[in-house]
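Student: Got a structure here, written out as structure tokens. Questions coming.
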Amino acid sequence: MSGTFVGMPKFPVAARAALEDTQLRHNLAHATSTIRGKRARLVDEVNEVSSWEDLRLAGAGVKEAALLSLETQLLRLEETLTANGAIVHWARDAEEACRIVATVATSHQVDEVVKVKSMVTQEIGLNEALAAAGIAAWETDLAELIVQLGDDLPSHILVPAIHRNRAEVREIFLRAMKTVGRPAPEDLTDEPAVLAAAAREHLREKFLRARVGVSGANFAVAETGTLVVVESEGNGRMCLTLPEVLISVVGIEKVVSTWDDLDPLLRLLPRSSTGERMNPYTSTWSGVTPGDGPQEVHVVLLDNGRTRALADQVGRQALRCIRCSACLNVCPVYERTGGHAYGSVYPGPIGAILNPLLKGFGVDEQTDSLPYASSLCGACFEACPVRIDIPSVLVDQRAKVVDAHRDSRVPKVEQLAFKGAAVALSDARRLGFGERFTKVGLGVARRLGAAAWTSARDLPPAPAESFRAWWKRTDGGRDESTKESGR
Amino acid sequence: MKVALMVTCINDALYPETGRAVVALLRRLGVDVEFPAAQTCCAQPMVNTGYLDEAVPVVRTFVDAFAGYDAIVTPSGSCAGSARHQHSLVAKRSGDAALQSAVEEVSPRVYELSEFLVDVLGVTDVGAYYPHTVTYHPTCHSLRMLGVGERPLQLLRAVRGLTLLELPGADQCCGFGGTFAVKNADTSIAMGTDKVRSVCGTGAEVLTAGDNSCLTHIGGLMTRQRAGVRAVHLAEILASTGSEPWGERR
């Protein structure tokens with residue numbers, strides 16, 4: 001079974017280890033630049049006939065409108081789902097949601113479920129909870145299967161095994177498939193088509209046997225009581241159609257008001273995630289259809305910190321996220337550290353803001369380190385299909401992290417330093433006085449406190465005088481007696 | 001037009017020649033630029049690290065220093081971005097209505113150097129001569145926060161003697177990111193190393209940008225690696241003439 005992120009160190013520590021993984025660096029640089037190129041071409045293509053920016057505005061607008069009327073939308077969703085024959089459950093947190101899923105599965109006396117790739121079930125640790133209840137949860141998305149068989153952790157929202165190469169995948173399949181089901185063929189090569197075929201055989205056995213399927217949902221339409229899953233492989237559709245019972249765990253932020261609201265979102269999502277005009281499989285289901293597909297349909301509507309996020313005036317825009325992972329693919333930090341360094345199933349720029357929103361500030365060091373895991377370059381905001389201004393949220397969250405520690409009995413060195421800087425920088429005379437010692441300061445920095453800087457970078461030489469001192473001495477260069485040429 | 005130079009704290013303390021280059025350049029273009037001596041810092045280091053309360057007195061000093069000017073010119077896309085996009089947040093945090101209205105008054109008048117030259121003065125050929133091979137890194141805040149776009153390149157293309165080489169992956173962050181450079185030093189260095197690799201691959205002798213903060217980071221990596229490329233602020237290249245060269249070897 002997969003591991004968990006519990007107990008991960010804070011970002012700079014985890015990143016340091018990840019940066020040393022040359023295979024990871026190589027895989028990520030290759031994969032992210034390929035997908036960036038594909039996405040960019042499709043954005044250009046949209047711009048040739050209409051406007052990508054208008055599409056982004058439409059997508060953001062649909063999600064924002066639903067969030068601003070969340071209670072109404074959710075009650076309506078419950079009503080329409082129920083009318084369609086689905087059973088709706090409400091879960092306050094991960095524990096409640098896992099208990100509901102386990103109870104439903106147990107009531108059908110099963111010891112296994114098949115799973116559609118879903119972020120939310122990873123967020124709540126469903127597989128581990130089901131395992132504790134004696135139920136095996138089989139991941140059926142190819143990349144999630146690789147992660148699960150490798151007893152590994154996902155490192156990307158869309159491509160969770162992005163850190164693995166095909167030789168490693170072959171080795172994992174040979175070693176692990178036989179322990180949980182149909183073994184990989186002994187002559188397995190590392191050809192992608194051969195690996196996919198082995199996964200297909202391995203999974204088919206599980207699809208045909210499983211009586212209970214578990215999914216998330218990309219969208220939930222309040223108007224029609226419809227859930228939507230967008231995927232590439234068709235394995236999701238197997239789980240959504242073959243079992244007798246289907247349990248879908250849906251974050252409450254997934255709701256949109258009307259069927260038409262899906263229009264911009266279904267155009268934005270594949271272009272932003274896989275760099276395709278359209279994803280191969282879009283499955284929609286509205287409760288139970290007699291004689292067709294699962295005859296018992298459960299929907300677990302999950303909060304797990306989302307109402308906390310909704311109360312955050314700056315951060316709530318993160319709930320617009322449609323989990324496309326465009327922000328991961330353009331992020332220069334993610335490209336180098338990979339996803340594990342973020343210590344969460346939600347890595348990258350969106351993870352850096354979403355985790356603190358869901359968990360709170362000043363609660364644990366690891367979560368508090370995430371808003372700082374960015375150079376604020378802004379590439380994520382530029383790429384986000386629903387216009388989440390991630391850099392602004394990061395800056396706001398840094399203030400929330402600092403504020404959460406303001407009352408600590410022992411102030412951090414950093415806090416004292418910034419308090420000192422505030423004093424020096426709020427009066428030009430104090431700053432001018434300090435600048436006389438720039439050379440001394442840089443010298444001290446070189447020898448002592450600036451190891452983080454100087455480990456790989458030189459500090460610049462100190463100038464003979466500050467700009468301020470030059471201006472004063474030469475009357476802004478107008479005093480001819482002090483005139484000198486530039487350098 | 002009453003024009004102030006906002007030199008920025010890093011240029012004031014570490015790169016006075018960049019400030020002097022802006023003065024020389026603007027005077028050559030007929031602008032009588034003033035240096036309000038009360039200025040200190042734009043407060044970005046505090047804001048971007050989360051110390052909003054500590055940023056309040058610094059922003060107050062900023063608006064006091066620059067009140068009454070028609071244009072405030074700065075050789076930094078990042079500091080211009082801070083003034084234009086973050087000062088209002090700090091003022092809001094202070095709860096001081098007077099500070100909020102002062103910020104509303106001052107911050108839209110802040111221009112990054114290339115914006116001031118191209119948009120306000122309407123020049124792209126500033127009469128510069130710089131006989132070197134140069135590549136240009138568009139720093140993230142200039143590129144994405146301010147959207148300076150082609151302006152610096154238009155200015156560089158008009159410089160006589162200058163050979164401009166395209167930087168591959170130019171829009172990728174160099175990894176400076178303010179306190180990110182020390183809080184996440186390893187990641188910052190990894191990003192910077194890739195940037196240096198791109199810069200060196202161009203074969204340029206000089207790397208230029210509109211921000212000395214990013215150039216301190218990339219330049220610091222380059223000198224440590226004896227890379228053979230020097231970092232020179234855009235202002236110094238634009239100030240340079242045959243009789244008064246700037247941005248030469250140190």
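The values are calculated or read from the model by the stated rules, or taken from the named source; none is laboratory data. Fair warning: this is a prediction, and the values are worked out from it, not measured in the lab. Note: ideal-geometry Cβ built from the backbone for every residue, glycine included; neighbour counts use all protein chains shown.
Student: In the range B:188-195, is there at least one residue being of a type in the set (S, T, N, Q), within 9 Å of chain A (Cβ to nearest Cβ) and part of a helix (DSSP H, G or I)?
Tutor: Yes, some residue in the range B:188-195 is of a type in the set (S, T, N, Q), within 9 Å of chain A (Cβ to nearest Cβ) and part of a helix (DSSP H, G or I).
Student: Quick one: in the range B:154-176, which of the residues that are within 14 Å of chain A (Cβ to nearest Cβ) and either touching a residue at least 40 places away in the same chain (Cβ under 8 Å) or among the basic types (Lys, Arg) (or both) is farthest from A:Thr34 (Cα to Cα)?
Tutor: The selected residue is B:Phe176.
Student: With (1) more than 10 Å from chain A (Cβ to nearest Cβ); (2) outside any helix (DSSP H, G or I) as the list, and B:Ser88 as the residue in question, which single condition is left unmet?
Tutor: Only one criterion is unmet by B:Ser88, namely (2).
Student: In the range B:209-220, is there at least one residue being out of contact with any helix residue (DSSP H, G or I) (no Cβ under 7 Å at 6 or more places or on another chain), within 11 Å of another protein chain (Cβ to nearest Cβ), of a type in the set (A, V, I, L, M, F, W, C) and assigned to a helix (DSSP H, G or I)?
Tutor: Checked the range B:209-220: at least one residue is out of contact with any helix residue (DSSP H, G or I) (no Cβ under 7 Å at 6 or more places or on another chain), within 11 Å of another protein chain (Cβ to nearest Cβ), of a type in the set (A, V, I, L, M, F, W, C) and assigned to a helix (DSSP H, G or I).
Student: Which residues, counting only those in the range A:370-393, are more than 9 Å from chain B (Cβ to nearest Cβ) and more than 25 Å from A:Ala40 (Cα to Cα)? Quick ask: steps written out before the conclusion?
Tutor: Here is the first cut: in the range A:370-393, the ones more than 9 Å from chain B (Cβ to nearest Cβ) are A:370, A:380, A:383-390, A:393.
Across the range A:370-393, the qualifying residue is only A:Leu370.
Student: Here is a list: B:Ser101, B:Ser78. Which entry is at pLDDT 95 or above, touching a His at 6+ places or on another chain (Cβ under 6 Å) and more than 20 Å from A:Val423 (Cα to Cα)?
Tutor: Matching residue, one of B:Ser101, B:Ser78: B:Ser78.
Okay, residues lined up against (1) surrounded by 24 or more Cβ atoms within 10 Å (Cβ to Cβ); (2) in contact with a Gly (Cβ under 6 Å, 6 or more places away or on another chain); (3) among the charged types (D, E, K, R); (4) part of a loop (DSSP other than H, G, I, E, B):
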| position | (1), (2), (3), (4) |
| --- | --- |
| A:Gly213 | yes, no, no, no |
| A:Ala220 | yes, no, no, no |
| A:Thr224 | no, no, no, yes |
| A:Val230 | yes, no, no, no |
| A:Glu233 | no, no, yes, yes |
| A:Arg237 | no, no, yes, no |
| A:Pro243 | yes, yes, no, yes |
| A:Ile247 | yes, no, no, no |
| A:Val250 | yes, no, no, no |
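Student: Quick check on the range A:24-32. Is at least one of its residues surrounded by 16 or more Cβ atoms within 10 Å (Cβ to Cβ) and out of contact with any helix residue (DSSP H, G or I) (no Cβ under 9 Å at 6 or more places or on another chain)?
Tutor: Looking only at the range A:24-32, we keep the residues that are surrounded by 16 or more Cβ atoms within 10 Å (Cβ to Cβ), and these are A:24-25, A:27-28, A:31-32.
Checking which are out of contact with any helix residue (DSSP H, G or I) (no Cβ under 9 Å at 6 or more places or on another chain) leaves us with A:27.
The answer is yes; a qualifying residue exists.
Student: Quick one: how many residues across the range A:437-453 are without any contact (Cβ under 8 Å) to a residue 12 or more places away in the chain and at the interface with chain B (Cβ under 8 Å from one of its Cβ atoms)?
Tutor: Of the residues in the range A:437-453, 3 are without any contact (Cβ under 8 Å) to a residue 12 or more places away in the chain and at the interface with chain B (Cβ under 8 Å from one of its Cβ atoms).
Student: If you don't mind, another one. Here is a list: A:Pro270, A:Pro280, A:Pro290. Which entry is farther than 16 Å from A:Cys380 by Cα, free of Cβ contacts under 8 Å to residues at least 40 places away in the same chain, of a type outside the set (A, V, I, L, M) and surrounded by fewer than 24 Cβ atoms within 10 Å (Cβ to Cβ)?
Tutor: A:Pro290
Student: Going by the conditions given, is A:Glu144 buried (at least 19 other Cβ atoms within 10 Å of the Cβ), touching a strand residue (DSSP E or B) at 6+ places or on another chain (Cβ under 9 Å), assigned to a helix (DSSP H, G or I) and not β-branched (Val, Ile, Thr)?
Tutor: yes
Student: Report yes if some residue within the range B:130-140 is out of contact with any Ser or Thr (no Cβ under 6 Å at 6 or more places or on another chain), touching a residue at least 24 places away in the same chain (Cβ under 8 Å), within 14 Å of chain A (Cβ to nearest Cβ) and under 29 Å from B:Ser243 (Cα atoms); otherwise report no.
Tutor: Looking for residues that are out of contact with any Ser or Thr (no Cβ under 6 Å at 6 or more places or on another chain), touching a residue at least 24 places away in the same chain (Cβ under 8 Å), within 14 Å of chain A (Cβ to nearest Cβ) and under 29 Å from B:Ser243 (Cα atoms), one finds at least one in the range B:130-140, hence yes.
Student: Is there a residue in the range B:30-39 that is under 28 Å from A:Gln415 (Cβ atoms) and at pLDDT 95 or above?
Tutor: The answer is yes, given that some residue of the range B:30-39 is under 28 Å from A:Gln415 (Cβ atoms) and at pLDDT 95 or above.
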